[in-house]
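See structure below.
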Amino acid sequence: MIGAIDPVPEQPLLGMYMRHRREALGLTQEETARRMFVSLSLYRKLENGERPLSAGRLGDWSTAVDAPVWLLRKMVSLALPGLSSIAVGSWPPGLRREDLDHLDAFPFPAFYHAFPEYEILAANQAAREAFPWLLPTRADSERPANVIEQMMTVDIAREVLINWEEIVHRLLFILRVAAPGTVAPERLAQIIETCSVNPEFERLWSTDMSQEQYNNSLVQVRDPQTGDEIHLTMRSYNASHPDNCPYQLFVLTPRRPDPSTIEPFTAE
């Protein structure tokens, strides 16, 4: 199973990350090239995987697109594999009191996750009440609780999450693409081994996602008490201030039951 961790050639994957980050910021190739102080022709070759991304170019690119820490670690692990050891995290995490206070201020379910492996580091009261099977373990536990492991092994996950397959597929896709080089290999192997007991794992792990599927933010929840269907919007955030926050904020907020969750501003 460990052989399945290396999913795609490195250079095309670097270009994919460059394109996804640029498009997420709403930048054109021309604008990104100008920010990097390179020609449009060279930038296109870098993004298409036709030219290697040197350390200097990687630094210019990360500055140009304000790359988050996890993405920069991933890019370094691919472009400069000799330095990839900088991307290994630790357990238990050093959660600051100010960050926990910030998490508790949300009236809706909110978590801190280690990304891209989705270790559950903290959950606020609303999250504890809504998803008691997605809680962090004690700091003295041998290893953290993990969103993907829980989703794949806890029966109630599939009962409560109506669109369970879409959610789990996205999590596994992110793990497969982003984790190698940014997550400790032994921890990545543990997560894969744990998830392998689910008969759906192999199919979901090896199937790619379209951009439309990846960007769907809908979470459909069935109330276990009443059976009512609840629609939530899923959002993940990385702190830019302070810029030394090593975990990602994950928030679920109520939304109207509107099926059009993709490209909401596109005219009919």
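The values are calculated or read from the model by the stated rules, or taken from the named source; none is laboratory data. In this text, all values refer to a predicted model and were calculated from it rather than measured experimentally. Counting neighbours? That spans all protein chains shown, and the Cβs are built from the backbone with ideal geometry, glycine included.
So which residues in the range 46-60 are among the charged types (D, E, K, R), over 26 Å from ASN215 (Cα atoms) and assigned to a helix (DSSP H, G or I), if there are any at all?
So in the range 46-60, the residues among the charged types (D, E, K, R) come out as 47, 50-51, 57, 60.
Still in the list and also over 26 Å from ASN215 (Cα atoms): 50-51, 57, 60.
Hits for the range 46-60 are ARG57, ASP60.
Looking at (1) among the charged types (D, E, K, R); (2) under 26 Å from PRO180 (Cα atoms); (3) out of contact with any Pro (no Cβ under 6 Å at 6 or more places or on another chain), which is the only condition GLU119 fails?
Of everything listed in (1) among the charged types (D, E, K, R); (2) under 26 Å from PRO180 (Cα atoms); (3) out of contact with any Pro (no Cβ under 6 Å at 6 or more places or on another chain), GLU119 misses just condition (3).
Would you point out which residue out of ARG138, ARG143, ARG128 is charged (D, E, K, R) and in contact (Cβ under 8 Å) with a residue 40 or more places away in the chain?
On the way: ARG138 fails: in contact (Cβ under 8 Å) with a residue 40 or more places away in the chain; ARG128 fails: in contact (Cβ under 8 Å) with a residue 40 or more places away in the chain.
Step by step, each of ARG138, ARG143, ARG128 is checked, and only ARG143 is charged (D, E, K, R) and in contact (Cβ under 8 Å) with a residue 40 or more places away in the chain.
For MET209, only one of the following conditions fails: (1) farther than 17 Å from PRO116 by Cα; (2) part of a loop (DSSP other than H, G, I, E, B); (3) modelled with pLDDT of 80 or more. What is its number?
(1)
With the checklist (1) under 25 Å from ARG73 (Cβ atoms); (2) touching a helix residue (DSSP H, G or I) at 6+ places or on another chain (Cβ under 8 Å) in hand, flag the one item GLU142 doesn't pass.
With respect to (1) under 25 Å from ARG73 (Cβ atoms); (2) touching a helix residue (DSSP H, G or I) at 6+ places or on another chain (Cβ under 8 Å), GLU142 is out only on (2).
For the range 93-181, which helices (runs of 4 or more DSSP H) that fit wholly inside it have 3 or more residues that are within 28 Å of ASP208 (Cβ to Cβ) and not hydroxyl-bearing (Ser, Thr, Tyr)?
Numbers: elements: 97-104, 125-130, 147-153, 155-160, 164-178.
Because the criterion is at least 3 residues that are within 28 Å of ASP208 (Cβ to Cβ) and not hydroxyl-bearing (Ser, Thr, Tyr), the helices (runs of 4 or more DSSP H) in the range 93-181 that meet it are 147-153, 155-160, 164-178.
Quick check: anything in the range 227-234 at pLDDT 80 or above, outside any loop (DSSP other than H, G, I, E, B) and small (Gly, Ala, Ser)? Write out each step before concluding.
Here is the first cut: in the range 227-234, the ones at pLDDT 80 or above are 227-234.
Checking which are outside any loop (DSSP other than H, G, I, E, B) leaves us with 229-234.
Going one step further and asking which of them are small (Gly, Ala, Ser), we end up with none.
Checked the range 227-234: no residue is at pLDDT 80 or above, outside any loop (DSSP other than H, G, I, E, B) and small (Gly, Ala, Ser).
Looking at (1) within 23 Å of ARG21 (Cβ to Cβ); (2) surrounded by fewer than 21 Cβ atoms within 10 Å (Cβ to Cβ); (3) modelled with pLDDT of 80 or more; (4) of a type in the set (A, V, I, L, M), which is the one condition that is false for LEU83?
Failing condition for LEU83: (3).
Residue-wise test of (1) among the aliphatic types (A, V, I, L, M); (2) modelled with pLDDT under 95.
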| position | (1), (2) |
| --- | --- |
| ARG57 | no, yes |
| VAL69 | yes, yes |
| LEU78 | yes, yes |
| ARG128 | no, no |
| ASP140 | no, yes |
| GLU149 | no, no |
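For residues that are touching a residue at least 12 places away in the same chain (Cβ under 8 Å) and out of contact with any strand residue (DSSP E or B) (no Cβ under 7 Å at 6 or more places or on another chain), scanning just the range 212-236, find the one that is farthest from PHE131 (Cα to Cα). If you could, list the steps in order and put the result at the bottom.
Our first condition is that a residue be touching a residue at least 12 places away in the same chain (Cβ under 8 Å); within the range 212-236, this holds for 212-222, 224, 229-236.
Cutting the leftovers down to out of contact with any strand residue (DSSP E or B) (no Cβ under 7 Å at 6 or more places or on another chain) gives us 212-216, 224.
Numbers: GLU212: 27, GLN213: 24, TYR214: 23, ASN215: 23, ASN216: 21, PRO224: 11 Å.
Here the residue is GLU212.
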